[in-house]
Amino acid sequence: MKRCLTCLAEFSGSNWGCPQCGGAPHAIGGVLAFAPELALENDGMAPDAHHTLDQMQHRSFWFRARNRLLTDMVRHYFPQTKALLEIGCGTGYVLSALAQALPHARIVGSEIYANGLDYAAQRLEGRAELFQMDATAIPFTDEFDLIAACDVLEHIDDDEQVLLEMHRALRPGGGLLLTVPQHPFLWSQSDEIAFHKRRYRIGELSRKVRQAGFDIVRDTSFVSTLLPLLVLQRLTQGRRDDYDADAEFSLPAWLDRMLEIPMEVDRLSIRLGLSLPTGGSRLVLARRR
Ligand SMILES: [Zn+2]
């Protein structure tokens with residue numbers, strides 16, 4: 001069901017005009033915009049971040065390995081998904097992989113930055129419905145079988161409000177797929193440049209997810225095998241004034257390939273059912289109670 005963000009009426013049908021108050025979302029560049037005041041600039045991310053991401057995502061072991069982990073999880077835990085929403089889909093890099101993992105599902109992507117959606121539209125080539133939205137006010141109730149937000153919650157002050165909104169937008173029994181950066185002690189300039197509000201403590205995300213009305217399906221760290229290297233890198237580079245955050249994602253090709261191996265070790269361990277106690281990121285899968 002659709003949900004009017006003005007009067008909170010719930011309604012179905014293909015038309016976004018609210019039958020109760022007559023309100024309707026704006027459109028920016030042909031895309032429905034539910035939070036147009038935040039579409040060009042906000043405190044969640046730099047306005048040009050999606051351009052940078054679009055250039056380097058496919059060349060980065062981290063993004064490739066995370067996609068394989070996410071699609072593994074979706075195929076294994078949520079194969080029956082008929083309607084997927086990815087929140088914070090940015091350039092559509094994750095969304096296109098999820099769309100391949102769920103070839104028969106309705107694929108929906110939202111992003112707070114209208115400019116990210118231009119890249120996503122190119123990448124998804126009509127496969128996905130895309131709209132601009134603020135995750136703290138989701139215009140749906142009981143609509144989706146699966147909601148994904150991959151490295152998104154750490155950009156948002158009120159992450160617990162987002163989880164409540166996700167809960168309402170999911171159908172009962174619907175799935176949740178989340179990744180976040182972990183360990184406050186790994187905080188560095190790259191978190192600041194990325195406008196992160198926090199890195200999560202061990203157990204923090206699953207606690208918030210349960211409080212929002214979900215049952216936990218999986219709760220594990222990843223980027224675990226690489227953690228010692230990550231610590232070393234933070235200790236040696238993270239405090240330099242001339243720190244170049246992009247350098248982390250534009251490594252020589254041989255090194256990028258090599259770093260993919262420990263990420264694969266994590267993925268295969270998680271696939272076997274292991275929960276990794278510590279690592280640079282956290283993966284939580286849950287179901288709406
Ligand atoms: Zn209304």
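The values are calculated or read from the model by the stated rules, or taken from the named source; none is laboratory data. This one's a predicted model, so the numbers in the text were calculated from it and none came from an experiment. Reconstructed Cβ throughout: ideal geometry from the backbone, glycine too, with neighbour counts over all protein chains shown.
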When you check residue 78 against the structure, is it under 18 Å from residue 179 (Cα atoms) and either within 16 Å of the ligand (Cβ to nearest atom) or in contact with a Gly (Cβ under 6 Å, 6 or more places away or on another chain) (or both), yes or no?
yes
For segment 206-228, the count of residues that are over 20 Å from residue 285 (Cα atoms) and not in a loop (DSSP other than H, G, I, E, B) equals 2
Filter segment 1-47 for residues that are free of Cβ contacts under 8 Å to residues at least 40 places away in the same chain, away from the ligand (no atom under 16 Å from the Cβ) and surrounded by fewer than 13 Cβ atoms within 10 Å (Cβ to Cβ); the one that is farthest from residue 196 (Cα to Cα) is 14
Practice task
Looking only at segment 265-280, decide whether some residue is part of a helix (DSSP H, G or I) and modelled with pLDDT under 85.
Solution key: no
Restricting attention to segment 146-200, the residues that are closer than 17 Å to residue 74 by Cβ and either β-branched (Val, Ile, Thr) or modelled with pLDDT under 95 (or both) number exactly 3
Of the residues in segment 139-173, those that are crowded, with 24+ Cβ neighbours inside 10 Å and among the small types (Gly, Ala, Ser) number 2
Check: over 17 Å from the mean Cα position of the chain (by Cα) and in contact (Cβ under 8 Å) with a residue 12 or more places away in the chain, is that true of residue 140?
Finding: yes
TODO: Considering every residue within segment 32-48, establish whether at least one is in a loop (DSSP other than H, G, I, E, B), of a type outside the set (Ser, Thr, Tyr), more than 23 Å from residue 128 (Cα to Cα) and over 22 Å from the mean Cα position of the chain (by Cα).
DONE: no
Residues of segment 190-241 being exposed (fewer than 14 other Cβ atoms within 10 Å of the Cβ) and either within 16 Å of the chain's Cα centre (by Cα) or among the aliphatic types (A, V, I, L, M) (or both), in sequence order, are 229, 232, 235
Kindly check whether there is at least one residue in segment 51-72 that is more than 22 Å from residue 153 (Cβ to Cβ), within 14 Å of the ligand (Cβ to nearest atom) and buried (at least 20 other Cβ atoms within 10 Å of the Cβ). no
